[in-house]
Amino acid sequence: MAQFEEVSQKSKLHPKPEGLTLQYGTAGFRTHAKHLDHIMFRMGLLATLRSKKTKSTIGVMVTASHNPEEDNGVKLIDPMGEMVTAMWEGYATQLANVEQDSLLKELKDIIEKEDINMSEPASVYVGKDTRLMNYYGLVTTPQLHYMVCCCNTHGCYGSPTIEGYYQKLSQAFFLLTQNALNRTDDQKRLLVDGANGIGALKMREMEPFLRSEMQVVLSNDGSSGKLNHMCGADYVKVQQKAPQGMNMGVGERCCSFDGDADRIVYYYTDSKGCFHLLDGDKIATLISTYLKELLIQAGLNLQIAVVQTAYANGSSTRYLEDVMKVTVCCTKTGVKHLHHAAQEYDIGVYFEANGHGTVLFSRAAQKQIQELVKDPNSNDERKRAVKLLESTINLINQTVGDAISDMLVIEAVLAIRGMSAQDWDAIYTDLPNRQLKVTVSDRRVIDTTDAERRAVSPEGLQDTIDSLVKKYKSARSFVRPSGTEDVVRVYAEADTQESADSLAHEVSLAVY
Ligand code: NG1
Ligand code: ZN
């Protein structure tokens with residue numbers, strides 16, 4: 001077939017360096033950009049096949065998220081805006097690693113296995129963040145997920161344009177903040193660290209849509225600094241300090257996006273100059289508390305659950321389970337695992353501690369809420385609660401964690417409840433914690449179980465960790481191989497920062 005002839009010709013322009021093997025990891029392929037030319041070409045081919053197979057539009061996002069500027073990456077987005085299936089991740093890895101002369105055979109194998117009708121048309125949306133590359137269409141990762149979903153639901157989710165995205169979110173934001181009485185200019189003000197990435201550009205673009213309902217003060221907007229360098233959500237979360245280039249007043253609400261704007265963390269400094277982080281766990285708690293209250297006011301009997309990973313602060317889990325009495329479930333690291341688990345509930349709030357997350361509303365839950373909006377017999381309190389739920393659904397990007405959408409939800413919730421950053425922070429107190437990276441010769445020798453909270457190999461490692469943990473109060477620690485970097489990650493928490501630091505240090509020595 002002529003198609004194969006052409007693939008064969010064009011693939012010669014994007015040769016695979018001999019011997020190089022790469023894995024479709026937690027969030028697609030990710031490594032130094034110089035190794036990715038053949039990967040980009042081949043993922044274009046695979047996206048085309050996936051589109052023919054699903055008879056839908058497929059997304060290809062070119063980004064390396066919070067990694068340094070020299071890195072790049074690529075991931076595929078399935079028809080409903082979700083991550084591609086495990087089976088197709090496997091195809092991606094195979095296709096990426098076959099030598100040049102076997103490329104056609106591999107393609108034909110996939111076509112045969114999946115029984116793909118090659119005469120089907122294909123539709124692929126390509127997006128990229130601000131990293132240097134010869135592509136068009138600058139978008140944040142979540143904006144591309146949104147557009148793929150809009151396209152495949154024929155406009156039900158929204159209109160499949162960037163403008164449609166801004167309009168949908170800002171309308172929902174206005175409807176929510178109308179319920180916040182006497183919002184002062186101070187309360188509308190938010191300092192935003194754009195990580196010198198795409199999120200900064202898109203925030204600028206969105207500002208006119210938000211009119212005067214938000215006053216965004218943007219720093220690290222990409223005009224001079226380097227992407228993710230001394231700024232951005234990952235830096236703030238891991239270093240537990242403010243990004244460079246931000247002028248924070250006492251108690252002022254601040255937030256940081258990551259490089260492709262699918263993560264967000266908040267923070268402020270108190271009158272003593274102490275830095276306070278409001279991470280993904282705090283965000284999940286704020287949003288789930290707010291939703292639970294609305295469900296009660298609306299008289300809706302829907303099950304709400306919070307999905308976390310091993311990195312969730314122990315205090316947050318305790319608060320959610322013991323005080324809030326919501327179901328908490330723990331999955332492996334990586335949004336696709338959390339997303340999947342959250343789909344099991346009427347309302348699934350999922351956040352990684354690093355600030356990547358969103359809220360999923362089941363189809364049945366959305367239907368109940370929509371029907372109640374029209375119910376003429378509701379009293380005023382009930383009407384208000386149901387309308388708030390409806391607008392919250394519209395404001396949340398349900399396809400994937402989205403810094404811009406999450407930010408607007410948080411701003412709206414704080415406004416409606418009349419809360420400051422300090423009030424929010426006071427809901428529970430984080431256990432001091434530390435994250436470290438350890439470089440080892442082969443990180444794959446570490447195998448884990450129980451949602452990555454325990455190591456099953458190498459032998460003896462878990463016993464050592466257990467005995468180290470026993471030396472400290474309120475302590476917990478675990479290790480796991482990273483899915484995006486060639487390192488082992490160590491996490492520790494304990495009653496004091498000194499203890500958390502010392503436990504993390506001791507455990508990293510045990511990993512060598
Ligand atoms: P790894 O490198 O597997 O720890 C990191 C984050 C994940 C997720 C992915 C994808 C931590 C500890 N890990 O994964 O939560 O966001 O990157 O970007 O933050
Ligand atoms: Zn990201």
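Laboratory data are not the source of any read-out in this text; all were calculated from the coordinates shown. Source: prediction; values computed, not measured. All Cβ positions, glycine included, derive from the backbone under ideal geometry; neighbour counts span all protein chains shown.
Farthest towards the positive end of the charge dipole of the chain, among the residues TYR166, GLY259, ILE410, is the Cα of TYR166, using unit charges on the Cβ of Lys, Arg, Asp and Glu.
Looking at this model, which pairs from LYS16/LYS226; LYS241/LYS470; LYS16/LYS53; LYS12/LYS105; LYS202/LYS282 are more than 18 angstrom apart at the alpha-carbon? All intermediate terms of the calculation are to be shown ahead of the outcome.
On the way: LYS16/LYS226 29 Å; LYS241/LYS470 29 Å; LYS16/LYS53 26 Å; LYS12/LYS105 15 Å; LYS202/LYS282 25 Å.
From the list (LYS16/LYS226; LYS241/LYS470; LYS16/LYS53; LYS12/LYS105; LYS202/LYS282), the Cα-Cα distance tops 18 Å for LYS16/LYS226; LYS241/LYS470; LYS16/LYS53; LYS202/LYS282.
When the convex hull of the C-alpha atoms of the stretch 433-511 is computed, what volume per residue in Å³ does it have?
Hull volume over Cα atoms, normalised by residue count, gives 80 Å³.
Per-residue ellipticity at 222 nm computed for the chain from its helices equals -12500 deg cm²/dmol, with DSSP H segments shorter than 4 residues left out and the rest contributing -39,500 (n - 2.57).
Remark on GLN308: its backbone amide H falls under 5 Å from those of CYS329, CYS330, THR331, a criterion applied only to residues 5 or more positions apart or on other chains, H modelled at 1.01 Å from N. Measuring spread by the Cα atoms of the chain yields a radius of gyration and Dmax of 23.1, 71 Å. The slack in the chain from GLN244 to MET118, taken as 0.36 nm per residue of separation less the alpha-carbon distance, amounts to 40.2 nm. Short to long, the 5 Å bins of the Cα pair-distance histogram for the stretch 162-277 hold 2, 12, 20, 22, 20, 14, 8, 2, 0 percent of all pairs.
The slack in the chain from GLU207 to ASP185, taken as 0.36 nm per residue of separation less the alpha-carbon distance, amounts to 6.4 nm. Going from the fewest other Cβ atoms within 10 Å to the most, the residues HIS66, HIS505, HIS340 appear in the order HIS505, HIS340, HIS66.
Tell me, what does the Kirkwood hydrodynamic radius of the stretch 2-138 come to in angstroms if you use every pair of distinct C-alpha atoms? Could the numbers behind the result be given before it?
Values: mean 1/r = 0.0660 Å⁻¹.
When all Cα pairs of the stretch 2-138 are included, the Kirkwood radius is 15.2 Å.
Approximating the spin labels as points 7 Å out from Cα along Cα→Cβ, the HIS32-to-VAL323 distance works out to 4.8 nm.
Evaluate E = 1/(1 + (r/R0)^6) for GLN23 and THR161, where r is the Cβ-Cβ distance and R0 equals 30 Å; express this FRET efficiency to the nearest 0.05.
Numbers: r = 34 Å, r/R0 = 1.13.
That pair, GLN23 with THR161, gives E of 0.30.
Near LEU395, within a Cβ-to-Cβ distance under 15 Å, what is the net charge of the other residues, with Lys and Arg +1 and Asp and Glu -1? Result for the local shell: -3. Extension gain, ALA364 to GLU293, is 23.6 nm, computed as 0.36 nm per intervening residue step minus the present C-alpha separation. Backbone amide hydrogens, once placed in the peptide plane, bring GLY25 within less than 5 Å of ARG30, excluding anything fewer than 5 places away on its chain.
Each Cα pair under 8 Å and six or more residues apart adds its separation to the average, and for the chain the resulting relative contact order is 12 percent.
Taking the DSSP beta bridges in the stretch 1-127 as the whole, what percent of them are antiparallel, to the nearest 5? Before the final figure, lay out the partial values.
Details: 10 of 16 bridges.
Of all bridge pairs located within the stretch 1-127, approximately 60 percent are antiparallel.
Electrostatic tally near TYR166: other residues with Cβ closer than 15 Å to its Cβ, Lys and Arg +1, Asp and Glu -1, net -1. The stretch 251-305 and the stretch 322-376 have Cα centres lying 15 Å from one another.
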